[in-house]
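Worksheet for the structure shown next.
Only the coordinates and a few stated rules stand behind these numbers; no lab work does. Bear in mind the structure is a predicted one, so any value in this text is a computation, not a measurement. Cβ atoms come from the backbone with ideal geometry, glycine included; neighbour counts cover every protein chain shown.
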């Protein structure tokens, strides 16, 4: 069985405790703050379940249990990695890259951890067994996972255990034969409203004394005591798909999770109070590279979408053939293809790790550094291209229902590329992608989802082959010497005197 949209939507009617606007949302599948985003995720599963898409989107599991989505595939070769990427690329095109935490992201993280099973075996065989069992459980049941891997900001000059509230950050408050009891908060549960389960851990470096926060586990989103504190819903404030075509359908939401003494059974615990292993699960295994490789695939597709917005802006305004505009578009195209090229380079330069084929680590980190700068710069360029075109629009789709207003709209919304309705429709989309509150959140997301810039640049520094570069410099330096040069000068002097 391959999961369908209806199966996923029905699974979300599980009594999860979602807090919004001072109350509890009883059913995220029908509430106006979330229902359209939930439906958009449902369409992803419907797409994969179509017979024509099965080979593209799914693979036969090695243990013969049937087919699973390629988000759980563990490539053994370059060709298999490319095959998986094409599936993720196609899935992403359905939402234009605006679902940053779609099901393929955290699945990539868990898969990467599984590919580093030897690291977990060295740490604790029982915890390794729990991870192995969970990977197969999540794969075979096509679970949509989110994660929370960042601690609440609070006083950032202090370690987690030094905060005023000992359990501001989610940590172990009790441990017994059944498992761990967790109390405190974690962020940022992007997509958590419509996920089945959440992976909870810490990617930030932890200090001595922070051991109780150094855990790694999964729980269902409806776990007893788990409170989901939603941010403002952009979807709720975008009731018309015509006025906000992206926010209306793809507001994946972000949330703070508060663990009010949540019980986690041992078969869901992968790390128990070990600060070093919390870092190793990401960086000693392929997890960090594999999950961010997926993120770059998504961004590659999103950059194409934004490039389409740019070209349509200039076409709509009739300025595409202006030399200075072509220069801008050409530069945007060059920047967008950088992301595409880096994704393909990660694959082409990939390496074997045992039985698995993995993307090149440094190329991935180089892509993160570059794209953190490219995306906000592209947003600024799109604003320059559009000018006031994205602002001076009818207040809402309801204006078209008024005959007098529609007559004025038809006179004032002119374009050489479309009629007034088409012009308004396009610029409503452009504003939702570039300038709306939804768009601003996406700019912030793309700037920081991979971490602060000093973190990504640090990864790039750490993984680059500096020896190869300095070796070339040393080879050049070794090809001549001061003594040889002085000998030459002395010889020339003697020769000249003779």
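A few comments on the model shown:
- Ranked 426, 322, 454, 282, criterion: other C-beta atoms within 10 Å, fewest first: 454, 322, 426, 282
- Mean Cα-pair separation over length for the chain, i.e. relative contact order, pairs under 8 Å, 6 or more apart, %: 16 percent
- Global geometry of region 247-294, whether rounded, prolate or oblate, following the gyration tensor of its Cα atoms and the 1.5 cut on a/c: oblate
- With Rh defined as the Kirkwood radius, the inverse of the mean 1/r over Cα pairs, the Rg/Rh of region 28-181 is 1.03.
- Packing, taken as the mean count of other beta carbons within 10 Å per residue, orders the peptides 353-365, 243-255, 309-321 from highest to lowest as 243-255, 353-365, 309-321.
- In the chain, helices alone account for a calculated mean residue ellipticity at 222 nm of -16000 deg cm²/dmol, with every DSSP H run of four or more residues adding -39,500 (n - 2.57).
- Using a simple spin-label model with pseudo-atoms 7 Å out from Cα toward Cβ, residue 398 and residue 333 lie 4.3 nm apart.
- Cα centroids of region 36-101 and region 320-375: 22 Å apart.
- Extension gain, residue 53 back to residue 406 (0.36 nm per residue minus Cα-Cα distance, nm): 122.8 nm
- Packing order of peptides 414-424, 435-445, 196-206, 468-478, highest average first: 196-206, 435-445, 414-424, 468-478 (average count of other Cβ atoms within 10 Å over each peptide's residues).
- Structural descriptor for region 5-283: relative contact order 23 percent, calculated from alpha carbon pairs under 8 angstrom and at least 6 residues apart.
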